[in-house]
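Here the structure is laid out as structure tokens; the discussion comes afterwards.
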């Protein structure tokens, strides 16, 4: 639902990956963003209206993304897709970060665009400490990118797990993600992403800000 820049981009990319796509938008003019090669179905209407959803093929859908420019419309459409039609893979784009967290804890996966953009910018302006990348629905478990003291580079990644209650989930090295094994050694320039309980985050940050010897 929603054929703006995000919705049209999703539709084009998913279709290129071999999926059958239906796009709903209140404005027929919006479908021009899909381009002349788009083979999917386009339906003009309100994305949480049941007749519109049925016309789009909701009963045979495997997934539903609500990415219009309205928070209320996106949440309502996502709930109808999940609760009325039993779609398991549902996501809603939300502009209000506070609302996004509430709906996430209610079990409706959300993408808070303002919060995500802010996080991405801050991570580049102030690389120290850590930046949250994901939270579980309870809000207690986080995936965070952590800043390491320079002396950690050259050490085995398992040292992070020995020194802190965090677990290394993956490493971004030269722009590529990799899952470390027992032999992985941290290299300068690595971005280290760890899973950590919220209550342990301050301890993890403080430990990794020191050299391994001090830690």
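Rule-based calculations on the coordinates, nothing more; no lab input. Just so it is clear, the model here is predicted, and its values are computed rather than measured. Ideal geometry is used to build each Cβ from the backbone, glycine not excepted, and the neighbour counts take in all protein chains shown.
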inquiry  = Of all beta bridges DSSP finds with both residues in the chain, what is the antiparallel percent, to the nearest 5?
reply    = 65 percent
ask   = Can you pull the Rg over Rh of segment 5-116, Cα-only, Kirkwood?
value = 0.95
key: Computed [θ] at 222 nm, helices only, for the chain once each DSSP H run of length n ≥ 4 contributes -39500 (n - 2.57)   = -8500 deg cm²/dmol
message = Using a Gaussian network model on the chain with a 10 Å cutoff between Cα atoms, which of 174, 54, 76 fluctuates the most?
response = 174
request  = Compare 63, 44, 17 in a GNM of the chain, Cα atoms joined below 10 Å, and give the one with the largest fluctuation.
outcome  = 17
key: Computed over the chain: relative contact order in percent, which uses C-alpha pairs under 8 Å that are six or more apart   = 13 percent
query = Computed FRET efficiency, Cβ-Cβ of residue 17 and residue 88, R0 22 Å: what is it to the nearest 0.05?
reply = 0.70
query = What's the FRET efficiency of residue 60 with residue 200 using the Cβ-Cβ distance as r and R₀ = 45 Å, to the nearest 0.05?
reply = 0.50
task = Of the listed values [x] 21.0, 65; [y] 19.6, 60; [z] 21.1, 68, grab the one calculated as Rg and Dmax of the Cα atoms in Å from the structure here.
result = [x]
note = At R0 = 30 Å the Cβ-Cβ FRET efficiency linking residue 163 and residue 96, nearest 0.05, sits at 0.20
query = When the chain is modelled as a GNM with alpha-carbon springs shorter than 10 Å, which of 176, 205, 145 fluctuates the most?
reply = 176
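Taking the convex hull of the alpha carbon atoms in segment 142-215, what volume per residue do you get, in Å³?
Numbers: hull volume 5.5 nm³, N = 74.
Convex hull of Cα atoms, per residue: 74 Å³.
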